[in-house]
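Chemist: Following this message is one structure expressed as structure tokens.
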Amino acid sequence: MRTVIYPGSFDPVHHGHLEVIERASRLCDEVVVAVASNSEKNALFTSAERVALLEETTTHISNCKITSFQGLLVDFFRQTEANAVVRGLRAVSDFEYEFQMALMNRSLNIDLETIFLVPSQERIFLSSRIIKEVARLEGDISELVPAVVKDAVWKKFH
Ligand code: PNS
């Protein structure tokens with residue numbers, strides 16, 4: 001049984017995240033999508049809301065499980081007995097942060113392997129931060145997130 005963890009803030013989930021989950025689901029037996037609830041303080045959605053939106057938008061991926069975790073990713077990785085961590089890599093701007101995180105996680109647990117998956121070109125610019133900014137200023141985000149996420153973001157701002 002090959003299990004990978006896909007950790008993130010997912011505040012909120014967007015089409016770029018969903019593409020990474022779909023790609024990961026084809027490479028392993030189970031993808032555990034793990035919402036980091038440490039980042040609750042500055043988040044638009046609570047950890048429970050982020051989990052619920054992920055659950056609603058991943059029903060078509062049968063080998064994916066949604067959960068949340070507190071504390072260090074390495075500890076969650078150990079508890080889950082996963083084989084690797086998956087992260088999406090969009091552009092050079094992501095690289096430094098992702099590289100730092102991968103090396104830090106490996107220094108905390110030598111067995112933690114990070115696998116980077118690249119989304120398709122049309123999703124490369126997507127980020128939850130930018131999506132929230134556009135929605136807050138009443139821009140159209142319907143091409144960027146599933147409809148249920150669009151409605152939830154809209155309710156938070158308007
Ligand atoms: O979607 P994000 O915000 O880029 O995800 C970052 C996340 C949640 C994967 C990262 O901050 C994380 O792993 N947080 C858990 C706490 C932790 O282990 N921090 C040390 C990572 S080097």
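Readers should treat all values here as calculations from the given coordinates under stated rules, not as data from a laboratory. For clarity, every value in this text was computed on a predicted model and none was experimentally measured. As a convention, Cβ positions derive from the backbone with ideal geometry for all residues, glycine included, and neighbour counts pool all protein chains shown.
Chemist: So how much slack lies between residue 41 and residue 1, counting 0.36 nm per residue of separation and subtracting their Cα-Cα distance, in nm?
Modeler: This chain segment gains 10.9 nm when fully extended.
Chemist: Here's a follow-up. Calculate the FRET efficiency for residue 27 and residue 96 from the Cβ-Cβ distance with a Förster distance of 22 Å, rounded to the nearest 0.05.
Modeler: Efficiency, from the Cβ-Cβ distance: 0.30.
Chemist: Quick check on the chain: of the DSSP beta bridges with both residues there, what percent are antiparallel, nearest 5%? Kindly include the intermediate steps, with their values, before the conclusion.
Modeler: On the way: 0 of 18 bridges.
Percent antiparallel among DSSP bridges in the chain is about 0.
Chemist: First measure r as the distance between the Cβ atoms of residue 103 and residue 124, then evaluate 1/(1 + (r/R0)^6) with R0 = 30 Å and state the FRET efficiency to the nearest 0.05.
Modeler: According to the calculation, E is roughly 0.80.
Chemist: A further question on this structure: Given labels modelled 7 Å from the Cα in the Cβ direction, how far is it in nm from residue 148 to residue 65?
Modeler: About 1.9 nm, to one decimal.
Chemist: Right, something else. Pulled fully out, how much extra length does the chain show between residue 140 and residue 52, if you take 0.36 nm times their separation in residues and subtract their Cα-Cα distance?
Modeler: Gain on extension, residue 140 to residue 52, equals 29.4 nm.
Chemist: Follow-up question, since we're still on this one. For region 1-82, state which GluC sites (Glu not before Pro) are in a DSSP loop and have at most 14 other beta carbons lying within 10 Å of their beta carbon.
Modeler: The qualifying sites are 81.
Chemist: For helix 47-57, report the angle its Cα long axis makes with the longest principal axis of the Cα atoms of the chain; keep it between 0 and 90° and round to the nearest 10°.
Modeler: Long axis of 47-57 versus the principal axis of the chain: about 80 degrees.
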